[in-house]
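Peer 1: Okay, here's the structure, questions in a sec.
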Amino acid sequence: MTLILGIESSCDETAASVTLDGRQVLSDVIYSQADIHKLYGGVVPEIASRNHITAISFVIDEALKKANVKKENLSAVAVTNGPGLIGALLVGVSAAKGLAYSLSKPLVPVNHIHGHIAANYIASPTLEPPFLCLVASGGHSHILNVKDYGEFEVLGATLDDAAGEAFDKVARVLGLGYPGGPKVSKLAEQGDPNAVSFPRPLNGCDFSFSGVKTAVINYIHKLEQNGQPVPHADIAASFQAAVVDVLTSAVEHAAVKTGAKKIALAGGVASNSFLRTSLSSLAERLGVDFFVPPPTLCTDNGAMISCAGYYNYISGNAAPLNLNAYATLRL
Ligand code: KG4
Ligand code: ZN
């Protein structure tokens, strides 16, 4: 019986979870700071760090309490040590170190992107590598060949903005506020995805979102300068269609290239229903299986870190107590 406490603080969610044997979630406590950061239109790193400090002990205690697990019975303490906001990451890493030291338990580092992928193991208990995974979140957009539980090959990635970052920036110019992804997606339901033809830059498995963001801004400015009405819903729908088309085509390219038999989706943008449907249709067309976690496991959470931590732990990947956090940690 392996009980892992997973701690996540890489951005604006303070989260902790206890899992049993990797895939069974006993508790999953998430304290979101979104309401604080929306006042500023995006995550303010220093404010995020300070709020993590205030919340972390309570969140960890709640996770243990809800799981009905005494900390002395934990097998290990897992924590996100990158990539992410450095000050925010350090709060989780310091808390994990303190706990691991005081309990004499192994300290297990987890790459945040590995965590997002692992959300699929929780949602689909029989899923095993190898599979292809698109991780699309606020800070990352990668297409990965997940060769084994701890072995990844990057097949493609964004050359500039992450998909979620593009959603957040477009939400800001449409006056929708932060976090932008869900708001753009909601507004897009009332718009025509073919109303505006925004660019879809793609090079094999690599892609770019900086251009589509600029195209949206220029499109709005031009209409405003000409005194014409700005069709917000059509712009949201057309932007979303461009992003989803690009991601789907890049995944298709990677799937054909590698002959993948399974395709998985992960990360905050994976809660986008248009993207879920598009990738699910692609998988059907290619005759491969499709996996995606429920939206609550797509955005940042502790359960995914605990699950990834389990696989790191059973393969002996514990860290010494001088473990550091890294803003740009690679998989
Ligand atoms: O994985 P996540 O919680 O944090 C990072 O690791 O970055 O992802 C957050 C990102 C934000 O950019 C947010 O706008 C985006 O995921 N997002 C969405 C949706 N829900 C969250 N983007 C598009 N459609 C959504 N429904
Ligand atoms: Zn994330």
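Each value in this text was obtained by applying a stated rule to the coordinates, not by laboratory testing. The structure displayed is predicted, hence computed values, not measured ones. Using ideal geometry, Cβ is built from the backbone for each residue, glycine included, and neighbour counts are taken over all protein chains shown.
Peer 1: I'd like to know which of Ser32, Pro106, Val244 lies farthest towards the positive end of the charge dipole of the chain, counting +1 on Cβ of Lys and Arg and -1 on Cβ of Asp and Glu.
Peer 2: The one lying farthest along the dipole's positive direction is Pro106.
Peer 1: Something else now. Could you tally the net charge around Ile60, taking each other residue with its Cβ under 12 Å from the Cβ of Ile60, Lys/Arg +1 and Asp/Glu -1?
Peer 2: That works out to 0.
Peer 1: Let me ask you something else. Using a 10 Å cut-off on Cβ atoms, rank the peptides 36-46, 221-231, 126-136 from the highest mean neighbour count down.
Peer 2: Descending packing order for the listed peptides: 126-136, 36-46, 221-231.
Peer 1: So which GluC sites (Glu not before Pro) in the range 146-221 are both in a DSSP loop and have at most 14 other Cβ atoms within 10 Å of their Cβ?
Peer 2: When the GluC sites (Glu not before Pro) of the range 146-221 are filtered for loop state and at most 14 Cβ neighbours within 10 Å, Glu189 remain.
Peer 1: Could you tell me what percent of the DSSP beta bridges with both partners in the chain are antiparallel, to the nearest 5?
Peer 2: That works out to approximately 65 percent antiparallel.
Peer 1: Take the chain, connect every pair of alpha-carbon atoms lying under 10 Å apart with a spring to form a Gaussian network, then pick out the residue of Ser210, Ser102, Ser32 with the largest mean-square fluctuation.
Peer 2: With Cα springs under 10 Å in the chain, the top fluctuation among Ser210, Ser102, Ser32 is at Ser102.
Peer 1: Pick out the long, greasy-scoring helices in the chain: whole DSSP H runs spanning 30 Å or more along their own axis by Cα, mean Kyte-Doolittle at least 0.0.
Peer 2: Passing helices, by number: 45-67, 232-258.
Peer 1: Right, here's the next one. Counting DSSP beta bridges with both partners in the range 129-292, what percentage is antiparallel, nearest 5?
Peer 2: 65 percent
Peer 1: Still on this structure, I have one more. What's the FRET efficiency of Ser197 with Glu284 using the Cβ-Cβ distance as r and R₀ = 41 Å, to the nearest 0.05?
Peer 2: FRET efficiency, Ser197 to Glu284: 0.95.
Peer 1: A further question follows. Go ahead and run the numbers for FRET between Thr214 and Glu46, Cβ-Cβ distance against an R0 of 22 Å, rounding to 0.05.
Peer 2: That gives a FRET efficiency of 0.20.
Peer 1: Next question. Provide the gained length on full extension for the span Thr277 to Leu127, in nm with one decimal, where the gain is 0.36 nm per separating residue minus the Cα-Cα distance.
Peer 2: So the extension gain works out to 52.0 nm.
Peer 1: Residues of the range 96-112 with the amide nitrogen closer than 19 Å to a label point 7 Å from the Cα of Asp148, along Cα-to-Cβ, please.
Peer 2: Answer for the range 96-112: 109-111.
Peer 1: Shifting gears a bit: Tally the DSSP beta bridges in the range 1-143 and give the antiparallel ones as a percent, rounded to 5.
Peer 2: Around 65 percent antiparallel, to the nearest 5.
Peer 1: Provide the FRET efficiency to the nearest 0.05 for the Asn317-Asp61 pair, computing r from the beta carbons and using R0 = 35 Å.
Peer 2: Taking R0 as 35 Å, the efficiency between Asn317 and Asp61 is 0.85.
Peer 1: Arrange the following residues from fewest to most other Cβ atoms within 10 Å of their Cβ: Tyr101, Tyr311, Tyr178.
Peer 2: Starting with the residue having the fewest Cβ neighbours, the order is Tyr101, Tyr178, Tyr311.
Peer 1: Tell me the relative contact order for the chain as a rounded percent, counting alpha carbon contacts under 8 Å between residues six or more apart.
Peer 2: Rounded, it is 25 percent for the chain.
Peer 1: I've got another one for you. Once fully extended, how much extra length lies between Ser102 and Asn226, figured as 0.36 nm per residue of separation less the alpha-carbon to alpha-carbon distance?
Peer 2: Stretched out fully, the Ser102 to Asn226 stretch lengthens by 38.1 nm.
Peer 1: Which order, highest average first, do 314-321, 78-85 follow once you tally other Cβ atoms within 10 Å for each residue and take the mean per peptide?
Peer 2: Final packing ranking: 78-85, 314-321.
Peer 1: Using alpha-carbon positions, what is the distance between the centroids of the range 236-268 and the range 12-82, in Å?
Peer 2: The range 236-268 and the range 12-82 have Cα centres separated by 30 Å.
Peer 1: Could you order peptides 50-57, 69-76, 1-8, 12-19 by the average number of other Cβ atoms within 10 Å of their residues, highest first?
Peer 2: Highest to lowest by the protection proxy: 12-19, 1-8, 50-57, 69-76.
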